[in-house]
Amino acid sequence: MSSDAMYAIRRAGRDSFFAGRWSAPHIGHTLLRGPEHIDEYVGHLDPRHAPDMSICLCGAVFVDFDRRALLVWADDLFGSGPLRSDYHRLLTMRWPQWRLRQAALPLQEFAAALGRTPPELEQARADATLLEARDDLFTGSWLEHQADFACVADDQAAWIAAEGVEAVRAFAERGLDAWVTVRAVDGTLYDQRCVSRGFGSLLRLGPRLAALAQIGGPRPGMLRPGLECDVRETVFIDEARRSVHWWQADPPWAHPGPGCAALWPGWILELDEGGLRSHVERSGRRFAAIQMTRDSRLAALIDQVPRTLRGEFSSLPRLACASALVPAHPEIPADVMGTLVALADGVDD
């Protein structure tokens, strides 16, 4: 599978386009080097007469020097969803006084920014067809887990008695990357998790998604610390308001969202720019209930940053460290560790 990326550069009203085979995984590192290094990087790519908008694209960058605006999308930009805010903070320091945006509707946003109407736009809308889903979309993993433990029912019962049914169910639902919340007409909240891969967007299931999410009843104990690490897509359905708010951490290049309104007649569909935090708070609950701990966030940064930078830490902006204790690491310089500690502590520069 290729990892092609498209770069567009605008200066004095003129656009230049470049394509790089296998260059998408380098986007995170390349952008952290700052705007002064973009020309050097694209000089090694293939010049094109027009932007590559193909469906198989894995990354895209538009650097508008006229408006000092950066638009970026990559299907694997900076590890897990919770770390994207840390990457944005680092990027803001390397691109001061620029407007930065990570595209939520990549093909649509890049086409609009570049003033293009590629045929892929119509294809993406045509692909927004209604999909079917099994009745056990949200309950299948839990039912399968219970079946696996049927031969040791006493052990299962002891596990539930010791840790609670939601803790055991969380174990059974490892790898489920989507979270759907339904607020029923009577105000009852129904929370469910499922695997969203293969749908492109859960919006393609139409209003039946709300009915499926209510099978099995409410799950008031589903929220737990660290849940934010697992969630890459959210859908909040308010039955009384007939509204749907949706978000994806890693949106597909040709996102079907704009074409899904026809699949929800009588409903209002809206992209939730606030992401996972907004999804939680929309139901009146606190984001802190699902956040990573400080130590788990630091561990994730220690794992992700060297992989993104490939050992070249010079591009990483240094933050003043608020913690007196900066752990030593055999592969990460001490001042870089200070940066990561400051990010994990939530300290602004």
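The values are calculated or read from the model by the stated rules, or taken from the named source; none is laboratory data. Here the structure is a predicted model, which means the values were calculated and not measured. Methodologically, a virtual Cβ is constructed for each residue, glycine included, from the backbone with ideal geometry; neighbour enumeration extends over all protein chains shown. Note: accessible area is taken over every heavy atom of the protein model, side chains too, but ligands, DNA and RNA are not part of it. Shrake-Rupley method; radii C 1.70, N 1.55, O 1.52, S 1.80 Å.
Output the residues belonging to region 243-280 that are among the β-branched types (V, I, T) and touching a residue at least 60 places away in the same chain (Cβ under 8 Å).
To start, the set of residues in region 243-280 that are among the β-branched types (V, I, T) comprises 244, 268, 280.
None - no residue of region 243-280 is among the β-branched types (V, I, T) and touching a residue at least 60 places away in the same chain (Cβ under 8 Å), so the list stays empty.
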Go over the candidates A133, A147, A112 one by one and state the one that is in contact with a strand residue (DSSP E or B) (Cβ under 9 Å, 6 or more places away or on another chain) and of a type in the set (A, V, I, L, M).
A133
Taking G43 as the residue in question, decide whether it is more than 26 Å from A126 (Cα to Cα), modelled with pLDDT under 95 and of a type outside the set (K, R).
yes
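For region 308-326, how many residues are modelled with pLDDT of 80 or more and aliphatic (A, V, I, L, M)?
Taking region 308-326 and keeping what is modelled with pLDDT of 80 or more, we get 308-310, 312-316.
When the remaining residues are screened for being aliphatic (A, V, I, L, M), the result is 309, 316.
Looking only at that region, the number is 2.
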Determine, yes or no, whether D75 is over 18 Å from H26 (Cα atoms), touching a residue at least 12 places away in the same chain (Cβ under 8 Å) and of a type outside the set (A, V, I, L, M, F, W, C).
no
Residues being closer than 30 Å to P207 by Cα, among the charged types (D, E, K, R) and either in contact with a His (Cβ under 6 Å, 6 or more places away or on another chain) or open to solvent by less than 70 Å² (accessible area, probe 1.4 Å) (or both) - total across region 85-126:
2
Could you pull out the residue among L137, L130 that is surrounded by 11 or more Cβ atoms within 10 Å (Cβ to Cβ), touching a Cys at 6+ places or on another chain (Cβ under 8 Å) and outside any helix (DSSP H, G or I)?
L137
So if I check each of E233, E228, which one is touching a residue at least 60 places away in the same chain (Cβ under 8 Å) and either β-branched (V, I, T) or under 26 Å from A300 (Cβ atoms) (or both)?
E228
Hey, could you check region 202-250 for residues that are surrounded by fewer than 20 Cβ atoms within 10 Å (Cβ to Cβ) and part of a helix (DSSP H, G or I) and say which is modelled with the lowest pLDDT?
C229
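Considering only residues that are in contact with a strand residue (DSSP E or B) (Cβ under 7 Å, 6 or more places away or on another chain) and either open to solvent by 30 Å² or more (accessible area, probe 1.4 Å) or not in a helix (DSSP H, G or I) (or both), which ones fall in region 278-299?
Just the residues of region 278-299 that are in contact with a strand residue (DSSP E or B) (Cβ under 7 Å, 6 or more places away or on another chain), to begin with: 279, 282-283.
Of everything in region 278-299, those that are in contact with a strand residue (DSSP E or B) (Cβ under 7 Å, 6 or more places away or on another chain) and either open to solvent by 30 Å² or more (accessible area, probe 1.4 Å) or not in a helix (DSSP H, G or I) (or both) turn out to be R282, S283.
Give the residues of region 20-40 that are in a loop (DSSP other than H, G, I, E, B) and modelled with pLDDT under 90, sorted by residue number.
Within region 20-40, the first condition is being in a loop (DSSP other than H, G, I, E, B), and the residues that meet it are 21-23, 33-34.
Passing the criteria: R21, W22, S23.
Can you pull out every residue in region 273-308 that is aliphatic (A, V, I, L, M) and more than 27 Å from H29 (Cβ to Cβ)?
V280, A288, A289, I290
With the structure loaded, tell me whether W253 is under 16 Å from the mean Cα position of the chain (by Cα), buried (at least 20 other Cβ atoms within 10 Å of the Cβ) and outside any strand (DSSP E or B) or whether it fails that test. Steps first, please.
Details: under 16 Å from the mean Cα position of the chain (by Cα): yes; buried (at least 20 other Cβ atoms within 10 Å of the Cβ): yes; outside any strand (DSSP E or B): yes.
Against the criterion (under 16 Å from the mean Cα position of the chain (by Cα), buried (at least 20 other Cβ atoms within 10 Å of the Cβ) and outside any strand (DSSP E or B)), W253 qualifies.
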Hits in region 44-84 - residues which are in a strand (DSSP E or B) and either within 15 Å of P251 (Cβ to Cβ) or under 16 Å from the mean Cα position of the chain (by Cα) (or both)
G59, A60, L71, V72, W73, A74
Considering only residues of region 1-37 that are of a type in the set (K, R) and surrounded by 17 or more Cβ atoms within 10 Å (Cβ to Cβ), which is nearest to the chain's Cα centre (by Cα)?
R33
For the structure I just gave you, tell me whether V182 is open to solvent by less than 20 Å² (accessible area, probe 1.4 Å) and farther than 18 Å from R285 by Cα.
no
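Search region 1-19 for residues being assigned to a loop (DSSP other than H, G, I, E, B) and touching a helix residue (DSSP H, G or I) at 6+ places or on another chain (Cβ under 7 Å), and hand back the single one that is farthest from A112 (Cα to Cα). Give the derivation first.
Initial filter on region 1-19 (assigned to a loop (DSSP other than H, G, I, E, B)): 1-4, 12-13.
Retained after the next criterion (residues that are touching a helix residue (DSSP H, G or I) at 6+ places or on another chain (Cβ under 7 Å)): 3-4.
Details: S3: 23, D4: 21 Å.
Per the criteria, the residue is S3.
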Residue list for region 280-296, restricted to those being in contact with an Asp or Glu (Cβ under 9 Å, 6 or more places away or on another chain) and over 10 Å from G226 (Cβ atoms):
V280, R282, S283, F287, R294
With the requirement that a residue be under 15 Å from E233 (Cα atoms), open to solvent by less than 50 Å² (accessible area, probe 1.4 Å) and either touching an Asp or Glu at 6+ places or on another chain (Cβ under 7 Å) or modelled with pLDDT under 95 (or both), what does region 256-277 give you?
P256, G257, G274, G275, L276
